[in-house]
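Have a look at the structure below before the remarks.
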Amino acid sequence: MSKNQNRLVLEEYEADFKNIRLKSNQDISFNRIAFIIFILFVITIIFSIKIIYLGSQKQHPKVKIYQSDFRSSIIDRNNNILAQSVLTTNIGINPKLIIDKKKLLINLKIIFPTKNFEDISDKIEKGKFFYLEKKISKDKYNQLFFLGDKAIIEEQKISRIYPQKELFSHVIGQIDDSNKGISGIEKSYDYELRSNKDSLKLTLDMNLQYIIRQELLKFTEIFKNVGSTTILMNIDSGEILSMVSLPDFDLNKRIDLSDKIYLNRATKGVYELGSVFKTFTLASALNEGVVDTNTEFLDLKKAIRCGKHIIREYDEKIPTDLTAEQILVRSGNIGSVRIAQKIGEDKHKLFLKKIGILNKIDFDLEEVGKPIPFDWGKCKLATVSFGHGITTTPLQIAKGYAILSNGGYDIDPTLIKKKNLQKKNQILKKGVSEKINTALRKIVSTKEGTAEQANVPGYDVAGKTGTAQQVIGDGYSRVKINTFASIFPSINPKFVLVVLLEAPKTSEDYVYKLRNSNFTLKGTPFNTAGWTSVEIAGKMIEKIGPILATKY
């Protein structure tokens, strides 16, 4: 074979080899691309399945909502939601399904850093199902879902939520695990809330409630009182615009209602309230026509004996000669006794029953206190005249002062907004209210009165203070109950505001800005209503007055 022939054969061989190598490289590249596409396809399928599953979980297609699980909403007078039934998710742990306990606890600590994991670990060891988180948020639910742990069990149910938390706790009340009302409106209107679709509308105003509660909380820190309560009510309709009792509690967290600290002091607290009763004594005498406001009582003693007991004047500086009106303005004990003696036992007892002080009041809540019964007599008439030895609730004081101030018309305090109000029945004689309102105004507006710190400019506040000793065990203690029952504006009354403090203490640091003067006073001079409850009421009226003036 010639050289040219050899070269031709070699070139043909090299060409064939190059074609084989190129084809091999193309096959390898194709296989790699195909493999990558396959992996991406698998990943896409996995994520698509997870997304579809997660979407189906959010919709809870298998959840059945029964009418018995549903309760209609509770709203305030301005349609703000106070209680509502919603679909929620609870998360539990089934210890029997746990594969890696250590890994599960680490993941849970990342999602719930504030939980007690020693307690959770102990529950896991016991091997019984337990709830990890009730009413879980959407964010934390998604985090748990992506853990993919079969031991994490979800449960959907209809739950009751309370957006305002503590704000209306004593009024709204609680439900139990079977969705049944056990206190407050939730209990007394349980049937209506279960059977009606429409919201239950209350007379309360969320904004007023918030402002009043904040003032009570602030002064709890100042006067260190054990508890307190306020009631703001329309004196014509009986509609309660605000009712606060402290301490309160978050309705979204179950509490033990048997704990007396959470007593609804506005409706169930039964107290001796002291001198606020002197207003009833004068009103009773005016209604019976046995005295007028200018009737003079001369030679009033500083102390009188009744049976084994001595009744003393609370202030030795009170003059011995006073008119009936001045007795109320200066809060005289002996003068009040003399007025009551002119009325007589039977007529004064009938008057107190008429205005709703002596008997248990019929109200929208079941948590209502019953005044302690007692036997009447000459000495009992004497002590009742100035609020000693007789009990009632702050709600009944509010009702009584409303009747005394609104022209003598009977009212029924209510928390439920009604479309048609019943026609009022006049139970006091014409002219009594005007005389009482004038006297109550002087208690606030004059130096002789005991409530000058409530003399808020522009609101014409009137009212009566009461400082009483709390009964503990079988006798009276040094613990005080300080009350201020006020109405405003006194010329044309629209509202009654009652403020009560249980076991307040004096403050060394609180600075009083004295009304109608440029002076200030540091420290509480006396542990009386005039320096505690009155101060609080004045601050409240300053803040709620503009709202009441424009809305009501």
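The numbers here are math on the coordinates, done by the rules we state, and not lab data. Small disclaimer: the values here were computed from a predicted structure and weren't measured. Note that each Cβ is placed from the backbone with ideal geometry, even for glycine, and that neighbours are counted across all protein chains shown.
Tabulated data
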{"read-out": "Normalised alpha carbon radius of gyration of region 199-240 [divisor 2.2 N^0.38 Å]", "value": "1.42"}
{"read-out": "Table column - 3J(HN,Hα) (Hz), region 515-522, Karplus curve with 6.51, -1.76, 1.60, x for Gly and Pro", "value": "5, 6, 7, 9, 8, 10, 9, 9"}
{"read-out": "Taking H170, H348, H309 and counting other C-beta atoms within 10 Å, the order from fewest to most", "value": "H309, H348, H170"}
{"read-out": "Protection proxy ranking, peptides 425-433, 368-376, average beta carbon neighbours within 10 Å, highest first", "value": "425-433, 368-376"}
{"read-out": "Helix 432-445 axis, angle to the chain major axis (alpha carbon atoms, nearest 10°)", "value": "70"}
{"read-out": "Helix-only mean residue ellipticity at 222 nm for the chain, each DSSP H run of n ≥ 4 adding -39500 (n - 2.57), per residue, nearest 500", "value": "-12000 deg cm²/dmol"}
{"read-out": "Within region 289-326, GluC sites (Glu not before Pro) in DSSP loop having at most 12 other beta-carbon neighbours inside 10 Å", "value": "E316"}
